[in-house]
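None of the figures in this text is laboratory data; all of them are computed from the coordinates on show. Predicted model, so just to flag it, every value in this text is computed and none were measured. Cβ placement follows ideal geometry from the backbone for every residue including glycine, while neighbour counts extend to all protein chains displayed.
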Amino acid sequence: MENIGTKRLETARLILRKGSLKDAEEIFNNYCTDSLVTKYVTWNVHKSIDDSLNYLKHWEESYKKDHSYKWLIEDKEISQVVGAIAAINVDVKNKTIEIGYCLGSNWWNKGYMTEAFKEVIKFLFEEVGVETIYAEHLAANSSSGKVMLKSGMKYEGSLRNRLIDKNTNKPTDLESYSIIREDYFNNK
Ligand SMILES: CC(C)(COP(=O)(O)OP(=O)(O)OC[C@H]1O[C@@H](n2cnc3c(N)ncnc32)[C@H](O)[C@@H]1OP(=O)(O)O)[C@@H](O)C(=O)NCCC(=O)NCCS
């Protein structure tokens, strides 16, 4: 696996790039204070701009380490950051990467995350040289599963009662998807 790090990527409508402290106001306004966004992710809405600054400080620190892949997603039309896509787990020995993502609800259902994820998948297979990319979503979050399928992933199965859903306080399944190197190059 090549240690390329977070390289700037571009699609028809989006720019994927590193985050810095300068982005705090936009991430705060566009997705970090959006309770629809945080409903199915591990983190909670940011209460003040300091939370957004801390989040980005953590990102800046992570770029100093090997194999850090964390992109902010900028909508070219408005030149603003509207979401993020990042490697949550990187296993260099086994060449596997887990991806997570989020997008401000004002920008949902325009195909943005599928567009971003496809570009990240291309980069990770073609340039970083990973073997497997995987992603998981809470059972209730079916739009995320659609993004995974539309991006070329296959459904692998349910990890039963793997997490407590913070909305219901009850155990919920995690739905797991992946794409392997062979799938990607055979379907290019
Ligand atoms: C999940 C998320 C990233 C999707 O981003 P997006 O840019 O809207 O995704 P896309 O437009 O590429 O695709 C969304 C798909 O879900 C579908 N969808 C939307 N709401 C849905 C719902 N309530 N139930 C089922 N499908 C739904 C859309 O119709 C679309 O599918 P289609 O192209 O077949 O019509 C975005 O909703 C989000 O950030 N959610 C909050 C954070 C989150 O859940 N992150 C993932 C954690 S695993």
Calculated [θ] (222 nm, deg cm²/dmol) that DSSP helices of n ≥ 4 give over the chain, each run adding -39,500 (n - 2.57): -7000 deg cm²/dmol
Directionally averaged projected area (convex hull, Cα atoms, the chain), nm²: 10.4
The stretch 142-167 versus the stretch 95-109: alpha-carbon centroid distance in Å: 12
Set of aspartates and glutamates near residue 93 by C-alpha distance (under 14 Å), chain-local residues within fewer than 8 positions excluded: 2, 66, 131
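Return the percentage of antiparallel bridges among DSSP beta bridges fully within the stretch 68-139, rounded to the nearest 5 %. Kindly include the intermediate steps, with their values, before the conclusion.
Working: 14 of 17 bridges.
Of the beta bridges lying entirely in the stretch 68-139, close to 80 percent run antiparallel.
What per residue convex hull volume, in Å³, comes out for the stretch 82-135 when only alpha-carbon positions are used?
Values: hull volume 3.6 nm³, N = 54.
Once divided by residue count, the hull of the stretch 82-135 is 67 Å³.
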Leading residue at positive end of dipole, the stretch 1-115 (Cβ point charges), from 37, 14, 104: 14
³J(HN,Hα), Karplus 6.51/-1.76/1.60, whole Hz, each residue of the stretch 93-108, x for Gly, Pro: 4, 9, 6, 10, 9, 9, 10, x, 7, 7, 9, x, 5, 5, 10, 6
Other-chain or far-sequence residues with amide H under 5 Å of residue 5's (modelled H): 67, 68
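For a 20 Å ceiling on Cα separation, which of these pairs sit above it: 18/57; 122/154; 39/146; 39/154; 7/150; 64/122? Numbers along the way, then the final one.
Numbers: 18/57 12 Å; 122/154 16 Å; 39/146 17 Å; 39/154 24 Å; 7/150 23 Å; 64/122 23 Å.
In this structure, 39/154; 7/150; 64/122 exceed 20 Å between Cα atoms.
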Leading residue at positive end of dipole, the chain (Cβ point charges), from 89, 167, 58: 167
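Only sites in a loop by DSSP and with at most 10 other Cβ atoms within 10 Å count here; which GluC sites (Glu not before Pro) in the stretch 37-145 make the cut?
Details: sites: 60, 61, 74, 77, 98, 115, 119, 126, 127, 131, 136; in loops: 77, 131.
Taking the stretch 37-145 and a limit of 10 other Cβ atoms within 10 Å, the loop GluC sites (Glu not before Pro) found are 77.
Taking the Cα centre of the stretch 9-186 as origin, sum charge times position over the Cβ atoms of Lys and Arg (+1) and Asp and Glu (-1), and report the length of that vector in debye to the nearest 20.
Numbers: 24 positive and 27 negative charges, 57 e Å.
Magnitude of the dipole: close to 280 debye.
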